[in-house]
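Everything below concerns the one structure shown next.
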Amino acid sequence: MGFSIGALFGEECMVSSSRWGREVRLLWGDPLLFIVVLFVLTSLILFILYPLALVVATSFKTPEGFGLTIFLEVLKSRYLLQGFWNSIMMSILTAVGGSLIGFLFAYTLSRTEVPFKKLFHVIAIIPVVSPPFIGAMSIIMLFGNNGLITYSLLGINNYPIYGFRGLLFAQLLTFFPIAYITLRGVLESISPTLEDAAMDLGGSRWQVFRKVTLPLSIPGIASAMLVLFIETMADFGNPLILAGSQFPILSVQAYLQITGMFDLPTGSALALLLLVPSVTAYILQKYWVSRKQYITITGKPTASVIKSVHPVAQWVLFGLCLFVVFLILLVYLTILWGAFANVWGTDNSLTLKHFQYVFGVGFRAVLDTLTISGISTPLSGILGMVIAFLVVRKQFPGKQFMEFTSMLSFAVPGTVIGIGYILAFNSPPLVLTGTLAILLLNFIYRYIPVGIQSGIAILRQIDPAIEEAAIDLGADAKKTFLRVTLPLMVPAFFSGLIFAFVRAMTAISAAIFLVSSHWNLMTVQIMSQVESGRLGAASAFSVILVALILVAIFVIRAILLYRYGRMGGKLLNI
Amino acid sequence: MGVRLVHITKVFPDPHHPGKEVVAVRDVSIDVKEGEFVTFLGPSGCGKTTTLRIISGFEYPTEGEVWISGKRVNDDPPNKRDTSMVFQSYAIFPHLSVAQNIGFGLELKGLPKETIRAETERIMEVMNLTNLANRRPDQLSGGQQQRVALARAIVNKPSVLLFDEPLSNLDAKLREQMRLEIRRIQKTFGITSIYVTHDQGEAMTVSDRIVVMNEGKVMQIGTPFEIYSRPANRFVADFIGRVNFFEGSVTGRSEQGISVRFSNGIEREVGSCSTDFHPGERVLVVVRPESLKLYSKDSTLAGSNYNGRYEGSTVQSRSNSGQPFLEGKIDKVVYLGSVCEYEIDAGLEKPVLAVTHNPIEEGFFQPGELVGMDFNAVSAHALPLS
């Protein structure tokens with residue numbers, strides 16, 4: 001962490017001092033901007049950097065001061081060290097495999113004329129809008145001790161699904177959709193005319209793919225891999241359920257060190273080990289890969305007739321996608337069935353008792369989850385939009401620092417930030433443990449990157465001349481923002497809100513450190529049900545959770561359609 | 001009162017070489033009179049847009065002063081300046097209707113709703129936009145968007161209208177139509193206007209005066225006629241229209257201007273000079289292609305398409321022997337209907353450019369024909385050979 005921020009400050013220093021001086025003067029001349037910048041920077045430092053700094057400090061703390069004692073102990077423990085390597089290996093495999101499946105989907109759905117493309121798309125999105133540990137749950141229900149396939153169908157007892165194989169399967173299924181969404185965008189931005197041109201110049205279909213389509217997608221694939229690496233490193237739910245003791249995973253180890261052994265220093269050290277590869281991958285993604293993206297220069301857009309894939313290849317691709325779709329459906333239908341089954345694996349007769357449990361004993365967690373997500377998501381979205389606006393449109397000292405810090409949450413594994421929050425807000429001056437506030441703050445600052453990303457994307461599409469026109473016509477900064485920029489950002493704000501809400505509803509890795517008897521979350525409830533073997537209740541919770549998310553998405557979309565339907569997506573095309 | 005720029009200089013940090021600087025505008029001074037239409041013309045990157053943005057307030061000058069209507073506005077932000085800009089991309093608010101777009105500035109001034117409606121309606125009528133009042137911007141054609149942008153600027157009755165290449169996104173026909181429209185509106189309201197373009201045809205059509213810029217510096221300020229026929233330097237002569245340069249040295253003053261002996265030994269009178277020249281000085285003489293008279297030297301070919309009207313008689317041959325200024329062979333002919341353009345090989349470094357008019361009546365030359373060329377003193381202009 002330290003090195004990257006140092007590098008940023010270094011960059012700032014390179015800028016001539018005259019510009020620095022002018023920016024400071026500009027800031028003084030605009031009190032509103034000054035206050036907003038100050039507020040944002042302070043809160044970013046307090047709720048993102050400060051907890052992280054404490055994680056780093058705690059892991060280097062020794063009775064005599066600072067040193068490497070704890071790290072040496074971690075390095076001596078074969079078990080802990082293995083967790084590190086397992087995490088790295090699992091993340092690399094998921095990154096490569098997930099991107100491969102993602103590319104398969106993206107290519108098939110954007111470049112061929114197979115049936116059910118819309119349906120395939122919707123099914124591939126399901127894992128993105130559901131809790132990330134549903135894959136693991138379902139795998140246990142299918143292949144575990146009482147597994148539907150292993151035990152009931154094949155009569156195998158104690159099939160070894162825990163560990164490497166099961167986890168990799170769960171991670172691939174959970175995270176490939178992220179690669180799919182990224183790569184679909186990349187493939188769709190490659191003008192089909194380029195492929196037409198290559199074919200026109202005498203290239204065979206395979207040559208066109210190998211020499212044009214694939215090279216143009218490489219930066220996108222690299223970016224997807226890094227994102228998947230970060231996500232898998234950070235993932236907590238799947239390994240907690242599936243990894244087992246034979247295949248330790250770092251994020252779970254860090255959690256167990258703290259909640260099981262109350263060993264904060266070792267927990268912090270493990271968190272730091274988790275943080276370094278993630279942040280490295282993030283920096284690679286942000287400052288290297290994203291700059292290599294190709295911008296396809298196009299003349300007039302052409303509606304190309306899809307023809308670049310050979311009919312046989314097309315059906316092979318379709319078959320592969322169908323297989324993946326089948327697996328996704330299997331996983332999610334299993335959960336649905338599990339929610340209604342009396343005792344999974346032994347008595348599969350249907351019952352509503354698990355739902356009765358959720359709406360009875362468990363209803364508190366449902367309300368808490370909705371409250372926390374409902375409050376934190378819009379706040380996070382607004383903060384994200386403000387930061388996006390400042391970063392894209394304004395000049396002020398500390399701008400790059402603001403952008404980097406606010407986007408950092410994306411790269412910091414939840415486990416790390418969860419431990420950081422315990423360290424930071426468990427003792428004076430700010431005691432927040434057990435309160436609603438600590439959960440809200442955590443969620444707000446954890447999910448700002450979602451708002452920032454959609455805010456930056458839309459601001460880059462709004463011609464700065466539109467804001468200049470408002471200023472030119474006599475509007476001051478505030479009026480320009482309120483009357484012109486904000487109305488134009490609202491659609492992006494709402495679609496950003498959808499993702500932030502989904503992430504808040506399905507969050508577990510950081511939240512599991514912060515819940516209390518007063519404020520609990522459905523995800524944490526699901527976890528504890530799984531741990532105590534009550535798969536039915538866990539499934540019912542999951543079904544309700546996914547249903548709530550779907551309702552929320554539907555409502556937000558309806559609002560968007562109602563308010564902005566007339567302009568719809570066209571709003572940006574001017 | 002108008003607009004006065006006093007020694008404006010603008011320095012940017014170089015985006016490609018951190019730590020270094022780029023001078024975008026270098027010591028620019030100009031007085032734009034009230035009601036005048038002045039165009040900044042120059043190649044891309046010459047500093048014309050930066051100058052316009054300094055006047056509008058979107059950029060602050062590094063040095064120098066900006067005066068609008070007799071008030072020094074250096075430190076006023078754009079929203080405090082009495083200027084309205086028509087943007088290159090039109091910058092129509094996509095979330096507002098045509099009428100809302102036009103009324104935006106009036107609304108910001110806090111005028112009563114009735115006034116806003118009346119003013120908006122009046123301007124929409126002048127601009128032929130009345131039937132589009134409730135349209136969304138994405139339902140407008142390019143030309144309509146352009147008119148909305150202009151209406152939105154004018155309705156505020158600014159003391160200065162600024163145009164940032166407003167026609168560059170329109171197709172050729174519409175562009176010609178709109179530039180006349182802009183000039184008509186500007187004259188109707190009598191608003192001081194400053195216009196930026198890289199299209200010389202546009203600049204010639206709309207402007208009272210043109211400021212030719214290059215590399216951040218003003219190369220010449222003058223009426224379209226002065227800019228074209230009396231360029232101040234080689235850059236202006238070359239940038240505006242097509243041109244022939246002939247080198248020579250001054251032999252003395254004459255009735256019509258100066259006498260110049262060209263490198264082929266022939267002497268001619270040159271009607272105007274960019275500065276005072278003394279005998280012996282080397283000069284560059286500018287002759288526009290259409291000022292070069294052509295006549296046939298090749299009697300064998302005279303029958304083909306050539307009606308013989310260019311026989312020596314039409315060329316006022318002032319040279320003592322009747323010898324042409326230059327002779328050459330027609331190399332390329334481009335027939336454009338109303339005119340005919342030629343490239344003539346006269347043994348010079350570059351081909352000589354010439355234009356003849358009304359080819360239907362006057363006929364035109366064919367490739368390979370030998371021609372004589374000459375010009376009148378009044379259409380030749382001398383520049384220092386630097």
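Since every read-out is calculated from the coordinates, none of them should be taken as a lab result. Quick caveat, the model's predicted, so the values are computed rather than measured. In this analysis, Cβ positions are derived from the backbone assuming ideal geometry, glycine residues included, and neighbour counts consider all displayed protein chains.
Details
- Alpha-carbon radius of gyration plus Dmax, which is the widest Cα pair, for chain B in Å: 25.5, 81
- Per residue, the average separation of C-alpha pairs within less than 8 Å and at least 6 apart gives chain A a relative contact order of 21 percent.
- Taking B:20, B:113, B:332 in turn, the Gaussian network model of chain B (Cα-Cα springs below 10 Å) assigns the largest fluctuation to B:20.
- Test item: Cα-centred dipole of the protein assembly as shown, Lys/Arg +1 and Asp/Glu -1 on Cβ, debye: 2240 debye
- Note on chain B: GNM, Cα springs under 10 Å; of B:231, B:158, B:18, the largest mean-square fluctuation is that of B:18.
- Within a straight-line Cα-Cα reach of under 25 Å, residue A:117 can be paired with the following lysines, leaving aside sequence neighbours fewer than 8 residues apart in one chain: A:307, A:570.
- Among beta bridges from DSSP that stay inside chain B, the antiparallel ones total about 75%.
- For chain B, a Gaussian network of Cα nodes joined below 10 Å ranks B:31, B:76, B:276 by mean-square fluctuation, and the top entry is B:276.
- Helices in the protein assembly as shown, meaning DSSP H runs of at least 4 residues, each add -39500 (n - 2.57). Divided by all residues, the mean residue ellipticity at 222 nm is -16500 deg cm²/dmol.
- Of all lysines in the structure, the ones whose alpha carbon falls short of 16 Å from that of residue B:71, not counting any fewer than 8 places away in one chain, are B:33, B:80.
- Look at the alpha carbon pairs under 8 Å that are at least 6 residues apart: their mean separation over the length of chain B gives a relative contact order of 15 percent.
- Proximal aspartates and glutamates to residue A:286, defined as alpha-carbon separation beneath 12 angstrom and excluding residues fewer than eight positions away on the same chain: A:403
- Cross-link pairs B:113/B:187; A:479/B:109; B:217/B:293; B:157/B:217 - those with Cα-Cα distance over 23 Å: B:113/B:187; B:217/B:293; B:157/B:217
- Sequence of B:72, B:4 once ranked by neighbouring C-beta atoms within 10 Å, starting from the fewest: B:72, B:4
- Counted over the protein assembly as shown, the DSSP beta bridges are approximately 75% antiparallel.
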